[in-house]
Amino acid sequence: MRIPPSTLLATLIAIASIAGAVFHSQKVNKISSNNPQQTQKIAELQQQITVLQGENQTLKKLQVNGAELTLPLALYKFAEQNLGLTFPQHVKARRVDDNSLAEAVRYRYTKHFQIEGMEMRQYAFETLGILPANQNLVGQLAIAETSGAVAIYDSSANEILLSAAFDEENLLHTTSIVKHLAIALLELNFPLTNSQKTTLTDDAYHARQAFIRGRASSIAQRYRNITAFKGGHTKQFKPNLEAQEIFNSLPTLIQGITTFPTIHGKTYIEDIILQHDSVFPEIYIHMPQSTATIFTKNMPSTQPPTERQPLTEKQHLSTQLGQLFAMLYLKQLGDQQLGSKNAQLHQSLTSDHLTITQEERHTYTINWNTQWKTSADAQAFHQLATKLSNIPERKPTVTISENQVIITFIDIQSTH
């Protein structure tokens, strides 16, 4: 990207001014640090330095924000040829700041579940112990997806957003571009229907995301392998340890939701391709409707996807979480407490229903009703859920009846 001459000149002037001021202040300081006039002069210079540094940062942001880039046509062609699809419309790319990357992620979740819906989910997850207390659900999801990221597909504007760190000579960065172009290509060719945009359950939504992003990750890996084999990328790139540290500090639920597509979704589509002679374009038209399909690696159902039940007059939330959430809920115990015997217990979940009901003005009932294949599976989940229910400060109750386990919290809020 070429920087406009006026911006470049202003940047150079600012940098030169800062360097000169620092040098001069240091020189004056050596001459006499006890002279009041000299001390005042140093203070003034330091203040000028601070102002210039701020102006320089502003100039840098102006260089980055909104600057459109022309991506190599070969990247678009690679995505099209490997997916067997064509772009119905052009996907632009532009550099943005980190806040814009995070905003694109937040928009994706709030567009589907709405702002109030995300708030209700956070409330339910925290009270039931699915998510630690005092977490910003949508904010944490944005942090997880953008920490160290160089590209994000913004579906609201049909754009690939590139971070300031994007380097076209970095193979890992161009690989990320291919991944997000593949995401865009799939979403543009197979968009949600108007009904699905507002009625997909959490389980169905995350299954769809896992398929699309898993398929895109597989295409991106192919691009990376081919490009690396051809050579031409001699730079040595160090792993982003700071980004990894940030991600590792996030709750288990957040980590699991955001890595589900690249781990389980990618493996799912690759295994399905190996198991069947022909899967395209049928699997694009009928994408997985539940995370159970991803785990069991079965071809998706051709029946209409599960829809969120319309809210009753007293309800604030009604949805199905599915096996992904059951797995991440139990993972909070850690491998040692969970044990190898229960490591795959989530795959025995047959159905579930999460609700928030307002019985009275200040009384809310949060309820997660789970159904299991056998009574033994239900007993195993009941035992583990009982352990987890003792962790939150305000403890939910866990009850069992044959193949059914219900986790409930009744929240009586103070009127003061």
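Thr302 - would you say it is under 22 Å from Asn189 (Cα atoms), in contact with a Ser or Thr (Cβ under 7 Å, 6 or more places away or on another chain), modelled with pLDDT under 95 and not assigned by TED's automatic domain parsing to the domain that holds Ala184? Against the criterion (under 22 Å from Asn189 (Cα atoms), in contact with a Ser or Thr (Cβ under 7 Å, 6 or more places away or on another chain), modelled with pLDDT under 95 and not assigned by TED's automatic domain parsing to the domain that holds Ala184), Thr302 does not qualify.
Pairs linking a residue in region 255-272 that is under 13 Å from Gln140 (Cβ atoms) to a residue that is of a type in the set (Lys, Arg) and surrounded by 16 or more Cβ atoms within 10 Å (Cβ to Cβ), with Cβ atoms under 7 Å and 6 or more positions apart or on different chains, are Gly256/Lys331.
State yes or no: is Gly148 outside the structural domain of Lys395 (by TED's automatic domain parsing) and at pLDDT 95 or above? Considered against the rule, which asks whether it is outside the structural domain of Lys395 (by TED's automatic domain parsing) and at pLDDT 95 or above, Gly148 comes out as no. Search region 107-127 for residues being among the basic types (Lys, Arg) and crowded, with 18+ Cβ neighbours inside 10 Å, and hand back the single one that is farthest from Ser147 (Cα to Cα). Result: Arg121. Within region 399-415, the residues that satisfy the criterion of being under 16 Å from Asn367 (Cα atoms) and of a type outside the set (D, E, K, R) are Thr399, Ile400, Ser401, Gln404, Val405, Ile406, Ile407, Thr408, Phe409, Ile410, Ile412.
Taking the criterion of being closer than 26 Å to Ser318 by Cα, modelled with pLDDT of 95 or more, touching a Leu at 6+ places or on another chain (Cβ under 8 Å) and surrounded by 19 or more Cβ atoms within 10 Å (Cβ to Cβ), would at least one residue in region 212-231 satisfy it? Yes, that holds for at least one residue. Of the helices (runs of 4 or more DSSP H) that lie entirely inside region 50-140, not one contains 2 or more residues that are under 20 Å from Leu324 (Cα atoms), in contact with a Cys (Cβ under 9 Å, 6 or more places away or on another chain) and at pLDDT 95 or above.
Scanning region 144-183 for residues that are within 18 Å of Pro239 (Cβ to Cβ) and not in a loop (DSSP other than H, G, I, E, B) yields Ala144, Glu145, Thr146, Ala151, Leu171, Leu172, His173, Thr174, Thr175, Ser176, Lys179. Only residues that are among the basic types (Lys, Arg) and either modelled with pLDDT of 95 or more or under 26 Å from the mean Cα position of the chain (by Cα) (or both) were counted in region 331-369, giving 1. Could you tell me whether region 311-330 includes any residue that is of a type in the set (D, E, K, R), outside any helix (DSSP H, G or I), surrounded by fewer than 18 Cβ atoms within 10 Å (Cβ to Cβ) and modelled with pLDDT under 95? Checked against the condition, which is being of a type in the set (D, E, K, R), outside any helix (DSSP H, G or I), surrounded by fewer than 18 Cβ atoms within 10 Å (Cβ to Cβ) and modelled with pLDDT under 95, region 311-330 yields at least one hit. In this structure, Ser195 does not qualify as among the hydroxyl-bearing types (Ser, Thr, Tyr), touching a residue at least 60 places away in the same chain (Cβ under 8 Å) and within 29 Å of Gly231 (Cα to Cα).
The values are calculated or read from the model by the stated rules, or taken from the named source; none is laboratory data. On a predicted model such as this, the values are computed, not experimentally measured, just so you know. Heads up, the Cβs are rebuilt from the backbone with ideal geometry, glycines too, and the neighbour counts pull from every protein chain shown.
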